[in-house]
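K.L.:
The following block contains the structure, expressed as structure tokens.
Just so it is clear, none of the values below were taken in a lab; they were calculated from the coordinates. It should be emphasised that the depicted structure is a prediction, and the values quoted were computed from it without experimental measurement. Cβ sites come from the backbone with ideal geometry, for glycine too, and all protein chains shown count toward neighbours.
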């Protein structure tokens, strides 16, 4: 059986859902799946990757590895590749995953494919489908012989659960000063919110909301739906909302099950960041708004009237 | 300080994407090309650093002669000279090898580029170049300030920011709001015509991926419109038809 490694990214001691999906993807490939986890993570959380298909978890628990130290992660993963004889390393696509995967690819001389949306077709080579042109197209790429690194796009295969438990082994990679050349001095995180790139439902607002003071209803709708909040580029440019909420071609690209756009006209640059979503809903008072051409469901109406009604309807349906 | 800014030559963000030759080639007819938007941020910050800290800014593009107007635009924005590696940018690994080769010969203090190209979205080139040169690499970088030999940066992490410090030299993939995009002025456009643009041959690489063909996403069906006085219907459809609630 071939050996497959997975970079299992975590935040605050919990594995990201996308990491669980990367483990599920690796399990679908068929082989011995070993996840590599970094930093302070509890035993039960480490074992739980077995539920997604990992047989083993290599845990590098050194405190220095709690934060996103790109070089150190890449060096450690290269050593894990060596130790397990892995031919394939699976990542979930994220800003950290991209940065680490690229270094690892150059370090071990592996073929790299990012934004992968399918399992490989191995009938003639090892062909994976990648999303390109910011979700406007796909390309099929043959990853030739040798080591392969696959960064999986969210919702490519979904999360599988089979009730298994992984064995956990402590892992002490040999890391030097150059691996920690970048000093992380401070971290700022939005507290308690659903993380936008991870969210299953996203509620986004645009200029149609007229000002930052009108975001209460967006947040209330998001909270009723268990959703993350996002915004269009002008809204983040004007400082109505923080930059990390900007969804679009040059912002966060999201792929939730449901994306609700309120008062967003639907410029092509915004749509590029959301068109990997399963279902798109547009609420806009302009019936000619381009978003309606991309949306699955639409309501033409004033956001200030429609959204409160929608909050009530969601509440009623939750009860 | 010597700054290298690597730029991509990519279809404008409003371009309609289509393919020709049995879906094996990008259809560039009617497409307007631009400096990659993320690369444009990196370039703008490099030009600001040139003004505030004193630096020379070299622009590098891996591309065929078609990319020269894009390179000239970067010179008009404020870069001092440019290098074009005369080859089609097949994939991220190929481009990274070319950049690393040029960088090894020139000892730059800072190598900047966008967080990703907007055509292939791989976001891998900065990391690969860093590894090939044995330098730290960071991405996506939102702010960059340099004091002496040390850079202070904010890197975007999911749901927030991370503040980092690193000594020069290093490689960074940039994104907004690192700087405001710059629009070339007339004087910039005039002087860009005579700034050096050196064309060099590509170095050989061993490629590990091969492009088979392109695909377009399936056409979207019609949007189902719901009466604004009956939003309960939307919740019902999301629940029972789309099954996403």
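K.L.:
How many Cβ atoms of partner chains, on average, are near each residue of A:107-117 if near means within 10 Å of its Cβ? List each step's numbers first, then the result.
P.N.:
Numbers: counts 4, 1, 3, 2, 6, 9, 6, 7, 5, 0, 0.
Mean shielding by partner chains, rounded to a whole number: 4.
K.L.:
Shielding of B:228-241 by partners, i.e. mean partner chain Cβ atoms within 10 Å per residue? Numbers along the way, then the final one.
P.N.:
Details: counts 10, 5, 3, 13, 7, 3, 11, 9, 2, 4, 11, 2, 0, 3.
For this peptide, the per-residue mean of nearby foreign Cβ atoms is 6.
K.L.:
Write down the percent of antiparallel bridges among all DSSP beta bridges whose residues are both part of chain B, to the nearest 5. If you can, show how the numbers build up before the last one.
P.N.:
Values: 19 of 47 bridges.
Of those bridges, close to 40 percent are antiparallel.
K.L.:
In addition: For a quick check, take a GNM of chain B with Cα springs below 10 Å and name the residue from B:64, B:56, B:209 with the largest mean-square fluctuation.
P.N.:
With Cα springs under 10 Å in chain B, the top fluctuation among B:64, B:56, B:209 is at B:209.
K.L.:
For chain B, what does the helix formula give at 222 nm: sum of -39500 (n - 2.57) over DSSP H segments with n ≥ 4, over the residue count, nearest 500 deg cm²/dmol?
P.N.:
-8500 deg cm²/dmol
K.L.:
Continuing with the same structure: If the elastic network links every pair of Cα atoms under 10 Å, which of B:224, B:208, B:182 fluctuates the most in the Gaussian network model of chain B?
P.N.:
B:224
K.L.:
On a 0 to 90° scale, report how tilted helix B:68-77 is relative to the longest principal axis of chain B, with both axes built from alpha carbons and the result rounded to the nearest 10.
P.N.:
The helix B:68-77 is inclined about 70 degrees to chain B.
K.L.:
Over what distance in Å are the Cα centres of segment B:149-174 and segment A:131-176 separated?
P.N.:
25 Å
K.L.:
Right, another one. For the pair residue B:201/residue B:32, report the inter-label distance in nm, with labels modelled 7 Å from Cα in the Cβ direction.
P.N.:
For residue B:201 paired with residue B:32, the spin-label model returns 3.8 nm.
K.L.:
What is the Cα centroid distance between segment A:47-104 and segment B:193-245, reported in whole angstrom?
P.N.:
So the two Cα centres are separated by 28 Å.
K.L.:
Next question, about the same structure. What do you get for the angle between helix A:216-225 and the principal long axis of chain A? Use alpha-carbon atoms, 0 to 90 degrees, nearest ten.
P.N.:
50 degrees
K.L.:
While we're looking at this one, here's another question. Average partner chain C-beta neighbours within 10 Å, per residue of A:134-147? Kindly include the intermediate steps, with their values, before the conclusion.
P.N.:
Details: counts 7, 3, 9, 10, 5, 11, 7, 6, 5, 3, 5, 1, 2, 1.
Per-residue shielding by partner chains comes out at 5.
K.L.:
What shape does segment A:3-180 have by the C-alpha gyration tensor, where a ≥ b ≥ c are the square roots of the eigenvalues, rounded means a/c under 1.5, and otherwise prolate means a/b greater than b/c and oblate the rest? Each step should come with its number before you reach the end.
P.N.:
On the way: a/c = 1.59, a/b = 1.30, b/c = 1.22.
Because a/c hits 1.5 or more and a/b exceeds b/c, segment A:3-180 counts as prolate.
K.L.:
Additional query: Going by average Cβ neighbours within 10 Å, how do the peptides A:143-154, B:155-166 rank, with the highest at the top?
P.N.:
Working: A:143-154: 21.8, B:155-166: 20.0.
The peptides rank, most packed first, as A:143-154, B:155-166.
K.L.:
Report the convex hull volume per residue for chain B, counting only C-alpha atoms, in Å³.
P.N.:
Numbers: hull volume 46.9 nm³, N = 245.
So the per-residue hull volume is 191 Å³.
K.L.:
Another one. Of the DSSP beta bridges with both residues in the protein assembly as shown, give the percent that are antiparallel, rounding to the nearest 5.
P.N.:
On the way: 41 of 118 bridges.
Counting only bridges with both partners in the protein assembly as shown, antiparallel ones make up about 35 percent.
K.L.:
Same structure, new question: If you build the convex hull over the alpha carbons only and average its shadow over all orientations, what do you get for segment A:41-102? Give it in nm² to one decimal. Could you put the intermediate results ahead of the total?
P.N.:
Values: hull surface 18.7 nm².
So the Cα hull casts an average projection of 4.7 nm².
K.L.:
How compact is chain A by the rule of thumb for globular proteins, expressed as Cα Rg over 2.2 N^0.38 Å?
P.N.:
Working: Rg = 20.9 Å, N = 319, 2.2 N^0.38 = 19.7 Å.
Here the answer is 1.06, to two decimals.
K.L.:
Another question, if that's okay. What is segment A:186-252 by shape, rounded, prolate or oblate, if you read a ≥ b ≥ c off the alpha carbon gyration tensor as root eigenvalues and call it rounded for a/c under 1.5, prolate for a/b larger than b/c, and oblate otherwise? Before the final figure, lay out each step's value.
P.N.:
Numbers: a/c = 1.43, a/b = 1.08, b/c = 1.32.
Rounded, since a/c falls under 1.5.
K.L.:
How big is the C-alpha Rg of the protein assembly as shown next to the rule-of-thumb value 2.2 N^0.38 Å, as a ratio?
P.N.:
Values: Rg = 23.3 Å, N = 564, 2.2 N^0.38 = 24.4 Å.
Computed over Cα atoms of the protein assembly as shown, the ratio equals 0.95.
K.L.:
Further, regarding this structure: Compute a Gaussian network model of chain A, connecting alpha carbons closer than 10 Å, and tell me which residue from A:292, A:304, A:38 fluctuates the most.
P.N.:
A:304
K.L.:
How big is segment B:32-120 on each of its three principal axes, counting only the C-alpha atoms and giving the largest first in Å?
P.N.:
On the principal axes, segment B:32-120 reaches 36, 32, 22 Å in Cα extent.
K.L.:
Using alpha carbons only, how many angstrom separate the centre of segment A:22-42 from the centre of segment A:233-269?
P.N.:
Between the Cα centre of segment A:22-42 and that of segment A:233-269, the gap is 32 Å.
K.L.:
Checking a compactness column here: for segment A:1-76, what do you get for Rg(Cα) / (2.2 N^0.38 Å), N being the number of residues? Mind showing how you got there, number by number?
P.N.:
Values: Rg = 11.7 Å, N = 76, 2.2 N^0.38 = 11.4 Å.
Against the empirical 2.2 N^0.38 Å value, I get 1.02 for segment A:1-76.
K.L.:
Relative to the longest principal axis of chain A, what angle (0 to 90°, nearest 10) does the C-alpha long axis of helix A:303-318 take?
P.N.:
60 degrees
K.L.:
What shape does segment A:196-318 have by the C-alpha gyration tensor, where a ≥ b ≥ c are the square roots of the eigenvalues, rounded means a/c under 1.5, and otherwise prolate means a/b greater than b/c and oblate the rest?
P.N.:
Numbers: a/c = 1.20, a/b = 1.19, b/c = 1.01.
Because its axes are fairly even, with a/c under 1.5, segment A:196-318 counts as rounded.
K.L.:
Run the simple label-point estimate for residue B:104 and residue A:293 please: 7 Å along Cα→C-beta, distance reported in nm.
P.N.:
It works out to 4.8 nm between the two label points.
K.L.:
Further question on the same structure: Taking just the alpha carbons, could you work out the radius of gyration and Dmax for segment B:135-229, both in angstroms?
P.N.:
Radius of gyration, then largest Cα-Cα span, for segment B:135-229: 22.4, 65 Å.
K.L.:
If you don't mind, there's one more thing I want to ask. Can you give the helix-only mean residue ellipticity at 222 nm for chain A, where every DSSP H stretch with n ≥ 4 adds -39500 (n - 2.57) and the sum goes over all residues, rounded to the nearest 500 deg cm²/dmol? List each step's numbers first, then the result.
P.N.:
Values: 9 runs with 89 residues, N = 319.
Per the formula, -8000 deg cm²/dmol.
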